[in-house]
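Novice: My structure is below; once you've seen it, I'll send some questions.
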Amino acid sequence: MRRDGKIMNKKFIKCNLTKPLATVIIDRPEVLNAYHDQLLDELDSVLSKVFSNQEIKAVIITGKGSKAFSVGGDIEWLEEFNGNTAKEMSRKGHKICNMIENSAQVVIAAIDGYAIGGGLEITLACDMRFATTRSRMGQPEVKLGIVPGFGGTQRLPRLIGLAKAKEMLFTGNIIDATVAHEIGLINKVVTPRSLLPIAREIAMEITDRSSQAVSMIKNAINLGYEDNIAAGYQYETKAFGICFENEDHHQRISKIKQIIKDG
């Protein structure tokens, strides 16, 4: 990985490192950023390096071009699958999405155009999703006689509730950004021109907070969803205590006290 803020290029995945922010770009616009085996391997490799870099505090994932974040698996590639290769691809997708969901960094999906199938599932693993007015989202796998393979059956109900998730998953229908925002699938609808600037602005605002506190908040939320609320409470109490033993907390308290004092 390049550590000087320049571009790290692979064939289908690009990474712009501007510490403390990394922007990861799915770069196969000629097929609407559809993925195949090599693209997923590259995404796994790049994200692993990004998430292991302690100088990176926030990550934006986006797609190249104005037509799609990603439309999921390449149809020609999927046509060659059998039961075993399908399972292998699903496990690979789960690994990538779990890595995103469980990373110490905050991860923001910046969606312009289509995010469907596995493309949408990658965004579901992110902490926040921003989309442009021309974005379209859905899980159309059922129309192909298959099920989502990257965790969509689990993450989508957590985000938008059982009834809405079942409607999307059972029908396979595509929704626009306005509807996606109304049901809580995305955080904000923005203009295409402002998508990355707003994503970067929010990401940089978060990096100005305590990175340890942000990471522990993310862990606590995930524990409550993935395990149970009792485990989430237990971790929250432990994390709360750790914060008061951290010098960063004392420095931030001192700054606030000085601001109050200065009026």
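Novice: Just checking, does segment 156-175 include any residue being in contact with a Pro (Cβ under 6 Å, 6 or more places away or on another chain) and acidic (Asp, Glu)? Can you show your working first?
Specialist: Of the residues in segment 156-175, the ones in contact with a Pro (Cβ under 6 Å, 6 or more places away or on another chain) are 165, 172.
Add one more test, that the residue is acidic (Asp, Glu), and what stays is none.
No, the conditions are met nowhere in segment 156-175.
Novice: Also: Considering only helices (runs of 4 or more DSSP H) fully contained in segment 24-108, which possess at least 3 residues that are touching a Phe, Trp or Tyr at 6+ places or on another chain (Cβ under 6 Å) and under 22 Å from residue 142 (Cβ atoms)?
Specialist: Here the list is empty.
Novice: Taking segment 50-92, which residues are under 30 Å from residue 211 (Cβ atoms), of a type in the set (D, E, K, R) and modelled with pLDDT of 95 or more? Can you show your working first?
Specialist: Quick first cut of segment 50-92, residues under 30 Å from residue 211 (Cβ atoms) only: 50-64, 69-70, 92.
Keeping just the survivors that are of a type in the set (D, E, K, R) gives 55, 57, 64, 92.
The answer is 57, 64, 92.
Novice: Can you tell me which condition residue 177 does not meet? The list is (1) touching a helix residue (DSSP H, G or I) at 6+ places or on another chain (Cβ under 8 Å); (2) within 19 Å of residue 111 (Cα to Cα), and all the others hold.
Specialist: (1)
The values are calculated or read from the model by the stated rules, or taken from the named source; none is laboratory data. Since we're looking at a predicted model, the values are computed, not measured. With ideal geometry, Cβ positions are generated from the backbone for all residues, glycine too; neighbour counts draw on all protein chains shown.
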